[in-house]
1. Going by the conditions given, is Glu92 assigned to a helix (DSSP H, G or I), within 14 Å of the chain's Cα centre (by Cα) and at pLDDT below 95?
2. In the list Ala35, Ala26, Ala88, which residue meets the criterion of being crowded, with 19+ Cβ neighbours inside 10 Å and either within 16 Å of ligand 1 (Cβ to nearest atom) or farther than 23 Å from Lys118 by Cβ (or both)?
3. Considering only residues that are among the hydrophobic types (A, V, I, L, M, F, W, C), farther than 22 Å from His7 by Cβ and in a helix (DSSP H, G or I), which ones fall in segment 40-71?
4. Which condition does Arg80 not pass, out of (1) crowded, with 19+ Cβ neighbours inside 10 Å; (2) in contact with a Gly (Cβ under 6 Å, 6 or more places away or on another chain), if it passes all the others?
5. Kindly list the number of the only condition in (1) of a type in the set (Ser, Thr, Tyr); (2) at pLDDT 95 or above; (3) more than 14 Å from ligand 2 (Cβ to nearest atom) that fails for Ser79.
6. Restricted to segment 1-21, and to residues that are within 16 Å of ligand 1 (Cβ to nearest atom) and within 18 Å of Arg100 (Cβ to Cβ), which residue is surrounded by the most Cβ atoms within 10 Å (Cβ to Cβ)?
7. Which residue is farthest from ligand 1 (Cβ to nearest atom), if the candidates are limited to segment 45-72 and must be open to solvent by 30 Å² or more (accessible area, probe 1.4 Å) and in contact with an Asp or Glu (Cβ under 8 Å, 6 or more places away or on another chain)?
8. Return yes when Cys37 is out of contact with any Phe, Trp or Tyr (no Cβ under 7 Å at 6 or more places or on another chain), part of a loop (DSSP other than H, G, I, E, B) and under 23 Å from Phe128 (Cα atoms) and no when it is not.
Amino acid sequence: MKISRKHIKSDFIHRIEEISGEKISACYQCGKCSAGCPMAQEMEVLPHQVIRYLHLGAKDKALKSKSIWLCASCHSCSSRCPQSFDLANMMEALRLITLRAGRLQLRPEDIDTELLEKAPQQAFVSAFRKYSN
Ligand code: SF4
Ligand code: SF4
């Protein structure tokens, strides 16, 4: 897969940009967001890699990533970004698109006990708030 104008200008990218208010092409993959993300070690795909999926037109990989649900909307990534890209807003847009399509990615019973013991309480408050969208 390659980055192409077709992917960057796709209807799907426009929809994310419309919901989030962020320009997906602004990210140049420096990785500072992922380096400061408190949930990164629980994610199978790091935050900047979710953006990379979008650059490459891998829409389904981005939408099916559990990382978008593990994101705690803490905005640490956004505050670290040299491009002022608000990644937290983009994660929220991906969640909204999924919810509006009637697909849920996370149920309370899917959270394993080890994660329950390790993850900060705010992460769970954030996750359950997402169900009411
Ligand atoms: S910090 Fe900003 S520019 Fe760097 S990878 Fe993350 S979103 Fe992209
Ligand atoms: S807003 Fe989400 S992706 Fe960004 S640092 Fe916080 S948990 Fe990680």
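The values are calculated or read from the model by the stated rules, or taken from the named source; none is laboratory data. The structure presented is a predicted model; accordingly, all values stated were derived computationally and were not measured. Positions of Cβ are backbone-derived with ideal geometry, glycine not excepted, and every protein chain shown enters the neighbour counts. Side chains are part of the model used for accessible areas, which takes the heavy atoms of the whole protein and leaves out ligands, DNA and RNA. Shrake-Rupley method; radii C 1.70, N 1.55, O 1.52, S 1.80 Å.
1. So Glu92 passes the test.
2. When all the criteria are applied, what remains is Ala88.
3. Residues satisfying the conditions are Ala40, Trp69, Leu70.
4. Just one mismatch for Arg80, condition (1).
5. Failing condition for Ser79: (3).
6. That would be Ile16.
7. Taking the candidates together, the pick is Lys66.
8. Details: out of contact with any Phe, Trp or Tyr (no Cβ under 7 Å at 6 or more places or on another chain): yes; part of a loop (DSSP other than H, G, I, E, B): yes; under 23 Å from Phe128 (Cα atoms): yes.
Taking the combined requirement at face value, the residue satisfies it.
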